1. Between residue 60 and residue 180, with labels modelled 7 Å along Cα→Cβ, what's the label distance in nm to one decimal, could you check?
2. If we count other beta carbons within 10 Å of each Cβ, what is the order of 134, 58, fewest first?
3. Using Cβ contacts closer than 10 Å as the measure, can you line up 50, 159 from fewest to most?
4. Work out, step by step, the length gained on full extension between residue 70 and residue 138: first 0.36 nm times the residue separation, then minus their alpha carbon distance; give nm to one decimal.
5. Would you mind putting 164-172, 143-151, 114-122 in packing order, based on average other-beta-carbon counts within 10 Å, highest first?
6. How high is the relative contact order of the range 100-174, given as a whole-number percent (alpha carbon pairs under 8 Å, six or more residues apart)?
7. Taking the beta-carbon count within 10 Å as an exposure proxy, list 108, 174 from fewest neighbours to most.
């Protein structure tokens, strides 16, 4: 299974077990009733088993601080404006979704695969594959595109917190507006 992927990324057989584990995890998720909790634990702790990996460094500087503050302000404004969102949902989107997903997919896997555009595409495919069992085909596959943006932004800035905050804001936007729109489109009740 990993031979075509390893060939696509270049001869790097050490990546085979990681890619296989990610694919098996994605395939097994629908079987577990508490799959979200299993996934969060796997995403947080799997990178720690790789002794050669180091957590992403936190960049410093005014531009990073301004970007973080802007994303937090946008998220807070969205939570205050949109009744479908609550403070608990916003905190959960950050702590239990965006943080573990970015920790694994950008902070660990993208780095481990070499960080180029091919690695970003592969990570985004795996990211979408993990979302399909929990969200259904259309929403699951559609997360491929924001994943490409998260990977590109992380490669450009090396700002892990920025990507986590952007991911959390994206999740809030999804819950507030996009999910309703997708449901209407799929059910045929209008857009």
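1. Result for the modelled spin labels: 4.4 nm.
2. 58, 134
3. Working: 50 12, 159 22.
Lowest count first: 50, 159.
4. The residue 70-residue 138 span can extend by a further 21.5 nm.
5. Descending mean neighbour count gives 164-172, 143-151, 114-122.
6. So the answer I get is 30 percent.
7. 174, 108
FYI, it's all coordinate maths here, none of it is from the lab. Quantities reported herein were computed from a predicted structural model and do not represent experimental measurements. As a convention, Cβ positions derive from the backbone with ideal geometry for all residues, glycine included, and neighbour counts pool all protein chains shown.
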